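Here is the structure we will look at, set down as structure tokens.
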Amino acid sequence: MANEKTYEGSCFCGAVGLTVSGEPAAMGYCHCESCRHWSAGPVNAFSLWKPEQVRITRGADNIGTYNKTPQSYRKWCKTCGGHVLSEHPGMGLVDVYAAIIPDLPFKAGVHVNYQETVLPIKDGSLKLKDLPAEMGGSGTRVAE
């Protein structure tokens, strides 16, 4: 692990800091209503990591948690309200929002929940109706 690339990120005010190490399991965009509503945007850019690759480096006691469903435990800074990450226990992955890791070379490989899109994106990337089959979805592809 010593040779793995490490990226640092933080909430909006910097009170909560984290590092991610290695390579993410996946990067892409989620178009579901829950992510749109949570992020206050038409899409949410995600980077998925194994839990052991994510480390809170400061402000752990300043993190709030909300789970609308058992699939996602959304976490934010109690000081500024800045979103930090979502734990996805069923997938065994943590979504560290791509926007809070400024040096991560973000390369979207997939659009998930594209059936719910309000902002069609014609970028040639894979578009899935919901989630990949290995993550509990149908794995059904949809057209751009």
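The values are calculated or read from the model by the stated rules, or taken from the named source; none is laboratory data. Note that the structure is a prediction, hence the values are computed from the model and not measured. Quick reminder, even Gly has a Cβ in these numbers, built from the backbone with ideal geometry, and neighbours come from all protein chains shown. When the accessible area is computed, the model is the full protein with side chains, heavy atoms only, and any ligands, DNA or RNA have been set aside. Shrake-Rupley method; radii C 1.70, N 1.55, O 1.52, S 1.80 Å.
Summary table below
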{"read-out": "In region 107-121, residue farthest from Ala26 (Cα to Cα) [restricted to those that are part of a loop (DSSP other than H, G, I, E, B) and under 15 Å from the mean Cα position of the chain (by Cα)]", "value": "Asn113"}
{"read-out": "Residue count for region 10-45, restricted to those that are under 30 Å from Glu144 (Cβ atoms) and in contact (Cβ under 8 Å) with a residue 24 or more places away in the chain", "value": "20"}
{"read-out": "Some residue of region 97-118 being open to solvent by 50 Å² or more (accessible area, probe 1.4 Å), within 16 Å of Arg74 (Cβ to Cβ) and of a type in the set (Gly, Ala, Ser)", "value": "yes"}
{"read-out": "First in region 53-78 and part of a helix (DSSP H, G or I), second anywhere and open to solvent by 30 Å² or more (accessible area, probe 1.4 Å) and of a type in the set (Asp, Glu), Cβ under 9 Å, 6 or more apart", "value": "Gln53/Glu4; Gln53/Glu23"}
{"read-out": "Scan of region 34-92 for residues that are closer than 17 Å to Thr19 by Cβ, among the small types (Gly, Ala, Ser) and touching a Gly at 6+ places or on another chain (Cβ under 7 Å), ordered by number", "value": "Gly59"}
{"read-out": "Those residues of region 1-26 which are of a type outside the set (Gly, Ala, Ser), open to solvent by 30 Å² or more (accessible area, probe 1.4 Å) and not in a loop (DSSP other than H, G, I, E, B), in sequence order", "value": "Thr6, Glu8"}
{"read-out": "In region 96-137, the residues that are on the phi > 0 side of the Ramachandran plot and touching a strand residue (DSSP E or B) at 6+ places or on another chain (Cβ under 6 Å)", "value": "Asn113"}
{"read-out": "Residues being open to solvent by 60 Å² or more (accessible area, probe 1.4 Å) and at pLDDT below 95 - total across region 125-139", "value": "3"}
{"read-out": "Any hit, region 73-81, residues being over 26 Å from Glu144 (Cα atoms), crowded, with 19+ Cβ neighbours inside 10 Å and among the small types (Gly, Ala, Ser)", "value": "no"}
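Here's the yes/no breakdown for (1) in a loop (DSSP other than H, G, I, E, B); (2) over 24 Å from Asn67 (Cβ atoms):
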{"position": "Ala99", "(1), (2)": "no, no"}
{"position": "Pro105", "(1), (2)": "yes, yes"}
{"position": "Asp123", "(1), (2)": "yes, yes"}
{"position": "Glu134", "(1), (2)": "no, no"}
{"position": "Gly137", "(1), (2)": "yes, no"}
{"position": "Glu144", "(1), (2)": "yes, yes"}
